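Each remark here refers to the structure printed beneath this line.
The values are calculated or read from the model by the stated rules, or taken from the named source; none is laboratory data. Nothing here was measured: the structure is a model prediction, and the numbers come from that model. Ideal geometry is used to build each Cβ from the backbone, glycine not excepted, and the neighbour counts take in all protein chains shown. The protein model used for the area step is the full one, side chains on, heavy atoms only, and it has no ligands, DNA or RNA in it. Shrake-Rupley method; radii C 1.70, N 1.55, O 1.52, S 1.80 Å.
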Amino acid sequence: MEISIRAWKASDSEQILSSWLEFCRSAARPDMRLKPDSARVLQQWLASCLRDPTSIGFVAEEDGVFAGFLIGRVEEWESSPPVIEPRRLGIIDAVYVDE
């Protein structure tokens, strides 16, 4: 078993989309429901993340087969209320690993 991690690319979007939506369908609490247009919205979000220079994305593969992903961003953060000096932080927006 060989696990490798690489930067994501546009061609990974469909696998990320289907994995994330399936996870949301199976793991969501009863009071959480996917929006009717969730696939379209997620596709647009992924496309915007791919274009955003502050976004980062990685795909994990096991023996060349998709095994998971991480999408995040690195940006300036300011507290609310603004009493702490702004600083650069990494934020994980979505992470998924196959069982």
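Descriptive notes on the structure:
- If R0 is taken as 22 Å, the Cβ-Cβ distance between Ala7 and Ala47 corresponds to a FRET efficiency of 0.85.
- Helical mean residue ellipticity (222 nm; -39500 (n - 2.57) per DSSP H run of 4+; nearest 500) of the chain: -9500 deg cm²/dmol
- Solvent-accessible area, 1.4 Å probe, carbon plus sulfur percent, for the chain: 56 percent
- Simple point charges give the picture: +1 on the Cβ of Lys and Arg, -1 on the Cβ of Asp and Glu, and for the chain a dipole about the Cα centre of about 400 debye.
- If R0 equals 35 Å, the separation of the Cβ atoms of Arg40 and Ile84 corresponds to a calculated FRET efficiency of about 0.40.
- Nearest 10 degrees, 0 to 90: helix 13-27 Cα axis against the chain principal axis: 90 degrees
- Cut-off 9 Å between beta-carbons: net charge of the residues surrounding Gly90, Lys and Arg +1, Asp and Glu -1: +1
- Restricting the trypsin sites (Lys or Arg not before Pro) of region 4-72 to loop positions (DSSP other than H, G, I, E, B) with no more than 16 neighbouring Cβ atoms within 10 Å leaves Lys9, Arg33.
- Full-extension gain in nm, Asp93 to Leu21, via 0.36 nm per residue minus C-alpha separation: 24.5 nm
- Among Met32, Trp8, Ser80 - extreme Cα towards positive end, dipole of the chain, charges at beta-carbon: Ser80
- For the chain, accessible area per residue (1.4 Å probe, heavy atoms of protein chains only), Å²: 72 Å²
- For region 1-60 and region 68-99, distance of Cα centres in Å: 16 Å
- Mean separation of Cα contacts under 8 Å (6+ apart) over length of the chain, as relative contact order %: 28 percent
- Rounded to the nearest 10 degrees, the angle from helix 38-51 to the longest Cα principal axis of the chain is 60 degrees.
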